[in-house]
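Following: one structure in structure tokens, then a few remarks.
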Amino acid sequence: MMAAHASSHWTEDLPPLKGRLEANVPLARYSWFRTGGPAELFFEPADQDDLCALLGTLPADVRLTVLGVGSNILIRDGGVDGLVIRMGKAMGQIARDGDCLMVGAGASDFAVAHAARDYGLSGLEFLRGVPGSIGGAVRMNAGAYGVEMADILVDACIMDRFGHIRTVACADLDFSYRHSGLSDRDVVVSARLRGVPGERERIEARMAEISKAREDAQPLRSRTGGSTFKNPPGMKAWELIDRAGCRGMTLGGAQISEKHTNFLINTGTASSGDLEDLGDMVRQCVADQCGVTLDWEIRRIGKRAGGAR
Ligand SMILES: Cc1cc2nc3c(=O)[nH]c(=O)nc-3n(C[C@H](O)[C@H](O)[C@H](O)COP(=O)(O)OP(=O)(O)OC[C@H]3O[C@@H](n4cnc5c(N)ncnc54)[C@H](O)[C@@H]3O)c2cc1C
């Protein structure tokens with residue numbers, strides 16, 4: 001089915017919205033890579049009702065894309081057709097509910113780890129090392145140091161593309177390694193995360209350990225998208241990439257990190273095309289040299305320059 005243009009008549013009769021709705025918004029600043037083209041239509045909801053009001057009017061044939069903080073996404077140079085919804089800070093409230101935290105999808109994982117520490121709840125320390133939003137973490141089943149979202153999520157509020165909201169239990173989200181059963185038509189609005197009462201100092205110490213380990217192992221101050229490829233069962237993607245001789249490999253302004261070979265880097269002048277093509281070259285090298293096919297972990301969205309998907 002051809003996607004309708006988001007800027008067609010549909011936007012002329014919208015209910016009043018509190019958030020920001022704009023056409024043709026450059027998206028590069030919303031991606032950690034700092035690359036990519038514009039959104040045809042861009043919306044940052046002010047609250048859940050706002051999101052519901054807009055989605056309630058969205059024609060079925062307008063493509064929907066959801067963005068968190070863009071730490072695991074490559075936005076292609078030709079931009080993204082349809083409506084892009086960014087779940088920002090306005091959708092990021094954090095509140096305690098017994099041994100749980102009720103967290104808006106726009107909250108940063110970092111802020112949630114700190115809030116859990118302040119409430120004396122342990123088990124969420126790993127979020128200190130994941131630089132995304134809670135919505136992105138649920139969608140990707142983000143994890144680190146042996147803990148992932150599936151271990152701490154009680155349930156999540158999900159809005160479908162027609163504005164209907166439902167609460168889904170963790171067991172029904174079909175989580176596996178860096179995967180959830182959510183589709184591109186689902187927007188994570190909030191999540192209930194379970195903690196275990198613990199000593200604040202011990203939680204703080206664990207978070208500091210995680211922070212140091214990250215600093216030592218990852219190019220944190222670079223324009224990157226985190227792990228480029230998923231680890232194949234029983235193997236480490238970075239070791240395969242290293243074995244295939246790709247450490248430091250470049251294409252245009254894109255580079256395979258010298259520090260961590262599963263990280264792609266924009267050295268300053270890369271286009272999304274450079275980054276994606278370098279990633280595909282690495283996949284080919286690993287397939288040729290190691291006989292293993294790597295799957296992209298980074299989500300690639302939109303059209304390539306010139307219009308191809
Ligand atoms: C330096 C660095 C280190 C990283 N380390 C880790 C790590 O240790 N472990 C790990 O798991 N990941 C890691 N990542 C990847 C990334 O931080 C996580 O995948 C994170 O959960 C993505 O969240 P985000 O808000 O940035 O999502 P985005 O990158 O914006 O989006 C990622 C996907 O989630 C979807 N999405 C985002 N928000 C929502 C929402 N509210 N509702 C529905 N779908 C949504 C998007 O549509 C897209 O498909 C790292 C990234 C970087 C840059």
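For (1) closer than 26 Å to Y177 by Cβ; (2) of a type in the set (S, T, Y); (3) without any contact (Cβ under 8 Å) to a residue 40 or more places away in the chain, each residue gets a yes or a no:
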residue	(1), (2), (3)
D81	no, no, no
A105	yes, no, no
Y119	no, yes, no
G123	yes, no, no
R139	yes, no, no
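In segment 185-199 there is no residue that is within 15 Å of the ligand (Cβ to nearest atom), open to solvent by less than 60 Å² (accessible area, probe 1.4 Å), assigned to a helix (DSSP H, G or I) and touching a helix residue (DSSP H, G or I) at 6+ places or on another chain (Cβ under 8 Å). Taking (1) in contact (Cβ under 8 Å) with a residue 60 or more places away in the chain; (2) open to solvent by 30 Å² or more (accessible area, probe 1.4 Å); (3) more than 15 Å from the ligand (Cβ to nearest atom); (4) over 29 Å from A270 (Cβ atoms) in turn, A169 satisfies each apart from (1).
Would you please name the residue that is farthest from the ligand (Cβ to nearest atom), looking only at residues in segment 102-123 that are among the hydrophobic types (A, V, I, L, M, F, W, C) and part of a strand (DSSP E or B)? So that I can check it myself, show each step before the final result.
Taking segment 102-123 first, the residues among the hydrophobic types (A, V, I, L, M, F, W, C) are 102-103, 105, 107, 110-113, 115-116, 121.
Still in the list and also part of a strand (DSSP E or B): 102-103, 121.
Numbers: M102: 15, V103: 11, L121: 20 Å.
In this case the residue turns out to be L121.
Considering only residues in segment 41-67 that are in a strand (DSSP E or B) and open to solvent by 30 Å² or more (accessible area, probe 1.4 Å), the one that is nearest to S222 (Cα to Cα) turns out to be V66. Against the criterion of being more than 9 Å from the ligand (Cβ to nearest atom), of a type in the set (D, E), farther than 15 Å from N72 by Cα and without any contact (Cβ under 8 Å) to a residue 12 or more places away in the chain, D174 qualifies.
For every residue, the table says whether it meets (1) away from the ligand (no atom under 16 Å from the Cβ); (2) small (G, A, S).
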site: G226; (1), (2): no, yes
site: A237; (1), (2): no, yes
site: D280; (1), (2): yes, no
site: W296; (1), (2): no, no
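Sort out which residues of segment 243-258 are on the phi < 0 side of the Ramachandran plot and exposed (fewer than 15 other Cβ atoms within 10 Å of the Cβ), and write them in order of number. Please lay out each step first, then the result.
First, pick out the residues of segment 243-258 that are on the phi < 0 side of the Ramachandran plot: 243-244, 246-247, 249-251, 253-258.
T250, E258, listed by residue number.
The number of residues in segment 212-230 being in a loop (DSSP other than H, G, I, E, B) and touching a strand residue (DSSP E or B) at 6+ places or on another chain (Cβ under 9 Å) comes to 5.
Has segment 231-242 got any residue that is under 18 Å from G143 (Cα atoms), open to solvent by 40 Å² or more (accessible area, probe 1.4 Å) and either part of a helix (DSSP H, G or I) or in the same structural domain as P131 (by TED's automatic domain parsing) (or both)? Working first, answer last.
Initial filter on segment 231-242 (under 18 Å from G143 (Cα atoms)): 231-238.
Still in the running and open to solvent by 40 Å² or more (accessible area, probe 1.4 Å): 231, 233-236, 238.
Still in the list and also either part of a helix (DSSP H, G or I) or in the same structural domain as P131 (by TED's automatic domain parsing) (or both): 238.
Yes, segment 231-242 contains a residue that is under 18 Å from G143 (Cα atoms), open to solvent by 40 Å² or more (accessible area, probe 1.4 Å) and either part of a helix (DSSP H, G or I) or in the same structural domain as P131 (by TED's automatic domain parsing) (or both).
Within segment 124-147, the set of residues being open to solvent by 30 Å² or more (accessible area, probe 1.4 Å) and either touching a strand residue (DSSP E or B) at 6+ places or on another chain (Cβ under 7 Å) or more than 7 Å from the ligand (Cβ to nearest atom) (or both) comprises R128, R139, Y145, G146, V147. Residues in segment 137-159 that are in a helix (DSSP H, G or I) and more than 17 Å from I298 (Cα to Cα): M149, A150, D151, I152.
The values are calculated or read from the model by the stated rules, or taken from the named source; none is laboratory data. Computed from a predicted model, the values in this text were never measured in an experiment. Virtual Cβ from ideal backbone geometry, glycine too; neighbours counted across all protein chains shown. In case anyone asks, the SASA skips ligands and DNA or RNA and just uses the protein heavy atoms, side chains included. Shrake-Rupley method; radii C 1.70, N 1.55, O 1.52, S 1.80 Å.
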